[in-house]
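Student: For reference, the structure I am asking about is given below.
The values are calculated or read from the model by the stated rules, or taken from the named source; none is laboratory data. Predicted model, so just to flag it, every value in this text is computed and none were measured. FYI the Cβ positions are ideal-geometry reconstructions off the backbone, even for glycines, and counts take in every protein chain you see.
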Amino acid sequence: MSDMTRESTHERVAQSPANLGLRAVGPCLYEIEQDAAAGMRVPARIFADEELLGEIRRDRSISQLVNVTTLPGIVDAALGMPDMHEGYGFPVGGVAATRLPDGVISPGGIGFDINCGVRLLASDLREADVAPTLEPLVHELSRSVPAGYGRHGRLALTREEMDRVLGEGCPYLVREHGIGRPEDLAFVESGGVIAAAAPGEVSERAKRRGEDQLGTLGGGNHFIEVQLVDAILDETAAQAFGLFPGQVTVLVHTGSRGLGHQVCTDYVKLMDEAIHRYGITVPDRQLACVPFSSPEGQSYFGAMCAAVNFAFCNRHVIAHRAAEVFRRMLPGAPQLRLVYDVAHNTAKIERYGARELCVHRKGATRAFGPSSVEIPAAYRGVGQPVLIPGSMGTASYVLVGTDEAAALSFSSTCHGAGRAMSRGAAKRRVQGHVLRKELLARGIIVRCPSNQELAEEAPLAYKDVDRVVDVVHRAGIARKVARLRPIGVVKG
Amino acid sequence: MEVDVSPSHSFEEHRGELELRIDAPSLPLLFAEAGRALTAVMDATPLPTPTGWSDEVVLHAIDREALLVDWLNELVFRSEVGKVLFTEFEFTRISERQLVAAIRGTRVEQLRNPVKGATYNELSITERRGSFTAKVILDV
């Protein structure tokens, strides 16, 4: 131990975003003009209301968003979602599109937890059907899905199996291992597999970190929740998604675990070393980037897509385990049905008019509208489901993408509540055992290995998800469909 | 004038991360203290003196700041996959761009608070009057 170990907890002082001339330019939309700071190539725009803007100003996320505007090849604007908060280099809740082939790709614009995302399963059950067995049901879910950092799962992949997971995604698990159902694949973003994945570009170190982590939740804000449809806010879309009032649903929130983290670590280092060869300078080393078409850019894109596939597979295995638990605990009940699985941390190649762009979404959700041909056939004419997990014990939302979002936000919207205070600050303000009792008093059963970890994810540590969702609805970058409330939580 | 300071570290907490500050009178002591700080994050309980074995770490980077991130990420990886908390670090070679070290630690059943990685975000190492100060943000 060191001679001196001290801990302090103040919030960092934001770098005067007010001085950057933030001004309202539309419904729930604010802009910092392109000439507000040196090096900006496009404006920065933030979807928020006054209250959320106040929250956002408390950290350095606006300054980070301005830094993102300096990336070579960025088009239109760097975008901040209403749940934006400070991240590593690139803010969480940030979106940046770069023009191909020579615009840059930046691992910091996707983040460490590549394809952290959400999968929603729907049952035909109502609360009364599960109430008598809810506690053992939640307990069995917690036994079936390992949670916590570094925890390993029941599936230990051989190197060949790992490469096939990375390269072939969910269809491989269905076809070769009988995990999940073929009809579910259409309801995973991109069918659960990104064809551009290149397992050979993923380091041995990353594969080693991931080899026993398939089917595990991980820690932090990751969770499985048993929920009830609390309110239907758009009858037509809800019907298309198969949602009805009082329905029991299951929401899975996790990502690519240690494998994705290592991919990001490996390629930030690679790009930090390569960036100068391309004459690029960035205001923060964590924004290290290279042209998309460069060898390093192509290598990262292949590795990142492989990590995306790994995360799709991770949620796929967890959903399979959840379905097994439901079958075991509720004999005779119909199979859980996959509503949708959507990513929050990715870069994808998308076409907007004549432009082919690399759309970085870090803590932001793709939200294609009803006219998109890239969404499940069953949802065309309605729009892509957008799944917004709340903080533990608060509501989650199902939204639907809009066609208007293509012009406003590169078909992107928010991803969750967004952290409002540090884990330590939450622990100092909340006692885990008290929170556990409070949640139980509200009819929410919690399974979490420790009270300390429970306190870290207390609802007060997050922004108000209801307000975040209101903003994206009013701004027109997604519409509200249904609100879900938890009755059982397995915390990662 | 050189200032004689013992190696030390401190933490400053932010929304989803931990900023680590390390002060030391030399680069080897700075890197060793960074290793001890990482272990302190992962498990604050006192550990026995390691015995019997050591691992060799060889790293190359483009500057000393990147070398520090590489060093911490190397320890993160080895801790995670080997379930080891490292507490002793002996540098047989260290410069601004490379290091060779023997590291020793204690095997544990499970890491209490694993660190996910070290980042380049606002990374710095400054040298003033013979004393080094580093700041590095850990993803926790």
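Student: In segment A:266-299, what residues are assigned to a helix (DSSP H, G or I), in contact with a helix residue (DSSP H, G or I) (Cβ under 7 Å, 6 or more places away or on another chain) and of a type in the set (Val, Ile, Thr)?
Tutor: A:268
Student: Related question: Considering segment A:174-192 alone, what residues qualify as being among the charged types (D, E, K, R), farther than 20 Å from residue A:307 by Cβ and surrounded by 15 or more Cβ atoms within 10 Å (Cβ to Cβ)?
Tutor: Scanning segment A:174-192 gives a single hit, A:184.
Student: Collect the residues in segment A:195-216 that are of a type in the set (D, E, K, R) and either within 11 Å of chain B (Cβ to nearest Cβ) or without any contact (Cβ under 8 Å) to a residue 60 or more places away in the chain (or both), keeping them in residue-number order.
Tutor: A:204, A:205, A:207, A:208, A:209, A:211, A:212, listed by residue number.
Let's see how each residue does on (1) assigned to a loop (DSSP other than H, G, I, E, B); (2) among the basic types (Lys, Arg); (3) more than 14 Å from chain B (Cβ to nearest Cβ):
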position: A:76; (1), (2), (3): yes, no, yes
position: A:79; (1), (2), (3): no, no, yes
position: A:90; (1), (2), (3): yes, no, no
position: A:96; (1), (2), (3): no, no, yes
position: A:102; (1), (2), (3): yes, no, yes
position: A:108; (1), (2), (3): no, no, no
position: A:113; (1), (2), (3): yes, no, no
position: A:118; (1), (2), (3): no, no, yes
position: A:123; (1), (2), (3): no, no, yes
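Student: Follow-up question, since we're still on this one. State yes or no: is residue A:303 touching a residue at least 24 places away in the same chain (Cβ under 8 Å), among the aliphatic types (A, V, I, L, M) and within 29 Å of residue A:383 (Cα to Cα)?
Tutor: The answer is no for residue A:303.
Student: Of (1) touching a residue at least 60 places away in the same chain (Cβ under 8 Å); (2) more than 10 Å from chain B (Cβ to nearest Cβ), residue A:296 satisfies all except one. Which?
Tutor: Exception for residue A:296: condition (1).
Student: Please find, within segment A:422-450, the residue that is nearest to residue A:135 (Cα to Cα) out of those that are in a loop (DSSP other than H, G, I, E, B) and within 14 Å of another protein chain (Cβ to nearest Cβ).
Tutor: If we take residues in segment A:422-450 being in a loop (DSSP other than H, G, I, E, B) and within 14 Å of another protein chain (Cβ to nearest Cβ), then A:449 is nearest to residue A:135 (Cα to Cα).
Student: Could you identify the single residue in B:80, B:74 that is under 11 Å from the mean Cα position of the chain (by Cα), without any contact (Cβ under 8 Å) to a residue 40 or more places away in the chain and in a helix (DSSP H, G or I)?
Tutor: Checking each option against the conditions leaves just B:74.
Student: Do we find that residue A:443 is closer than 29 Å to residue A:364 by Cβ and of a type in the set (Gly, Ala, Ser) in this structure?
Tutor: Considered against the rule, which asks whether it is closer than 29 Å to residue A:364 by Cβ and of a type in the set (Gly, Ala, Ser), residue A:443 comes out as no.
Student: So residue B:1 clears everything in (1) away from chain A (no Cβ under 11 Å); (2) touching a helix residue (DSSP H, G or I) at 6+ places or on another chain (Cβ under 7 Å); (3) at pLDDT below 90 except one condition, right? Which one?
Tutor: Just one mismatch for residue B:1, condition (2).
Student: Pull out all pairs, ordered by first then second residue, where Cβ-Cβ is under 7 Å, the residues are six or more apart or on different chains, the first lies in segment B:127-140 and is among the aliphatic types (A, V, I, L, M), and the second is assigned to a strand (DSSP E or B) and buried (at least 22 other Cβ atoms within 10 Å of the Cβ).
Tutor: Taking only residues 6 or more apart or on different chains, the pairs are B:134/B:22; B:136/B:20; B:136/B:118; B:138/B:20; B:138/B:118.
Student: Further question on the same structure: Consider only pairs whose beta carbons are under 7 Å apart and that are at least six residues apart or on different chains; among these, list those whose first residue lies in segment A:416-437 and is hydroxyl-bearing (Ser, Thr, Tyr) and whose second residue is at pLDDT below 85 and not in a loop (DSSP other than H, G, I, E, B).
Tutor: A:422/B:13
Student: Among what's in segment A:258-273 and is without any contact (Cβ under 8 Å) to a residue 40 or more places away in the chain and within 10 Å of another protein chain (Cβ to nearest Cβ), pick the residue that is surrounded by the most Cβ atoms within 10 Å (Cβ to Cβ).
Tutor: A:272
Student: Among the residues of segment A:217-246, which ones are buried (at least 21 other Cβ atoms within 10 Å of the Cβ), more than 16 Å from the chain's Cα centre (by Cα) and either within 14 Å of chain B (Cβ to nearest Cβ) or not hydrophobic (A, V, I, L, M, F, W, C) (or both)?
Tutor: A:227
Student: Can you name every residue in segment B:104-136 that is part of a loop (DSSP other than H, G, I, E, B), away from chain A (no Cβ under 13 Å) and not small (Gly, Ala, Ser)?
Tutor: B:129, the sole residue that qualifies.
Student: Please work out which one of (1) over 18 Å from residue A:103 (Cα atoms); (2) away from chain B (no Cβ under 14 Å) is the condition residue A:280 fails and give its number.
Tutor: (1)
Student: Next question, about the same structure. In the set A:480, A:463, which member is closer than 30 Å to residue A:236 by Cα, under 22 Å from the mean Cα position of the chain (by Cα) and modelled with pLDDT under 90?
Tutor: A:463
Student: Among the residues in segment A:244-262, are any over 27 Å from residue A:362 (Cα atoms) and polar (S, T, N, Q)?
Tutor: Checking segment A:244-262: at least one residue is over 27 Å from residue A:362 (Cα atoms) and polar (S, T, N, Q).
Student: Identify the residue in segment A:40-60 that is touching a Cys at 6+ places or on another chain (Cβ under 7 Å) and part of a loop (DSSP other than H, G, I, E, B) and, among all such residues, is surrounded by the fewest Cβ atoms within 10 Å (Cβ to Cβ).
Tutor: Here the residue is A:49.
Student: For segment A:332-361, enumerate the residues that are farther than 21 Å from residue A:376 by Cα, in contact with a Leu (Cβ under 9 Å, 6 or more places away or on another chain) and surrounded by fewer than 19 Cβ atoms within 10 Å (Cβ to Cβ).
Tutor: A:333, A:334, A:355, A:356, listed by residue number.
Student: Just checking: which of the strands (runs of 3 or more DSSP E) contained wholly in segment A:313-415 hold 1 or more residues that are in contact with a Pro (Cβ under 7 Å, 6 or more places away or on another chain)?
Tutor: Those strands (runs of 3 or more DSSP E) span A:337-343, A:396-400.
Student: Still on this structure, I have one more. So which residues in segment B:74-98 are surrounded by 16 or more Cβ atoms within 10 Å (Cβ to Cβ) and either closer than 16 Å to residue B:125 by Cβ or of a type in the set (Lys, Arg) (or both)?
Tutor: Within segment B:74-98, B:78, B:83, B:91, B:94 qualify.
Student: Need pairs with beta-carbon distance below 6 Å; first residue at the interface with chain A (Cβ under 9 Å from one of its Cβ atoms) and within segment B:13-40, second small (Gly, Ala, Ser) and part of a helix (DSSP H, G or I); sequence gap 6+ or separate chains.
Tutor: B:13/A:424; B:22/B:34
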